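K.L.:
Attaching a single structure in structure tokens format; questions to follow.
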Amino acid sequence: MTDDNEYFQEVIQAHEAIERWFAVAEEQDALDRLLTRFSPAFCMVSPLGRVLDFEALSGLFRMAGGKKTGFNIALSELRMIALHERGATVSYREQQTDASGLHTDRRSTVVFEKSVCGRVVWRYLHETFCSA
């Protein structure tokens, strides 16, 4: 697997886990596995400009687990912005829908860190809503 595919696969697999967590009531160990994808120093800027650290993200996941019936995430437009020895920066488009008919469309940029042992974690995420 090339380096960019490794990072693209992490975007895809993380969103599959997030989609399941939000849509289906799962056990605590599913949340624990999901959270290991994120650095303890993780920081995110939400589409509305709210800044979330790792603890806030954990709380958001805990609160929303299994509560979004029919939740679906569609990813597209994955692009490598920067690739280096210690990580990568990737952009992608994310469309979310749920059973209530709610639909959001956002562009996201993620900064990944890669540990010495090769583990990839989410370090920074910035999301912006796409206008209609």
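The values are calculated or read from the model by the stated rules, or taken from the named source; none is laboratory data. Because the structure is a prediction, the values reported are computed rather than measured. Cβ coordinates were reconstructed from backbone atoms using ideal geometry, including for glycine residues, and neighbour counts include every protein chain displayed.
K.L.:
Quick check on my filter: what residues within region 31-64 are surrounded by 11 or more Cβ atoms within 10 Å (Cβ to Cβ), at pLDDT 95 or above and of a type in the set (Gly, Ala, Ser)?
P.N.:
The answer is Ser39, Ala41, Ser46, Ala56, Ser58, Gly59.
K.L.:
Let me ask another. Scanning for something polar (S, T, N, Q), part of a strand (DSSP E or B) and out of contact with any His (no Cβ under 7 Å at 6 or more places or on another chain), does region 110-123 turn up at least one residue?
P.N.:
no
K.L.:
Only one of these is part of a strand (DSSP E or B) and without any contact (Cβ under 8 Å) to a residue 24 or more places away in the chain: Ala56, Ala82, Ala17, Ala30. Name it.
P.N.:
Among Ala56, Ala82, Ala17, Ala30, only Ala82 is part of a strand (DSSP E or B) and without any contact (Cβ under 8 Å) to a residue 24 or more places away in the chain.
K.L.:
Is there a residue in region 65-82 that is of a type in the set (D, E, K, R) and more than 23 Å from Asp105 (Cβ to Cβ)?
P.N.:
no
A quick yes/no check of all residues on (1) under 12 Å from the mean Cα position of the chain (by Cα); (2) at pLDDT 95 or above; (3) more than 21 Å from Arg20 (Cα to Cα):
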{"site": "Gly70", "(1), (2), (3)": "no, no, no"}
{"site": "Ser76", "(1), (2), (3)": "no, yes, no"}
{"site": "Ala88", "(1), (2), (3)": "no, yes, yes"}
{"site": "Arg93", "(1), (2), (3)": "yes, yes, no"}
{"site": "Phe112", "(1), (2), (3)": "yes, yes, yes"}
{"site": "Ser115", "(1), (2), (3)": "no, no, yes"}
{"site": "Val121", "(1), (2), (3)": "yes, yes, no"}
{"site": "Leu125", "(1), (2), (3)": "yes, yes, no"}
{"site": "Ser131", "(1), (2), (3)": "no, no, yes"}
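K.L.:
Pull up region 85-106, narrow it to residues that are part of a strand (DSSP E or B) and without any contact (Cβ under 8 Å) to a residue 24 or more places away in the chain, then point me to the one that is farthest from Pro40 (Cα to Cα).
P.N.:
Checked region 85-106; the qualifying residue farthest from Pro40 (Cα to Cα) is His103.
K.L.:
How many of the residues in region 1-42 are touching a helix residue (DSSP H, G or I) at 6+ places or on another chain (Cβ under 8 Å) and hydrophobic (A, V, I, L, M, F, W, C)?
P.N.:
Qualifying residue count for the region: 13.
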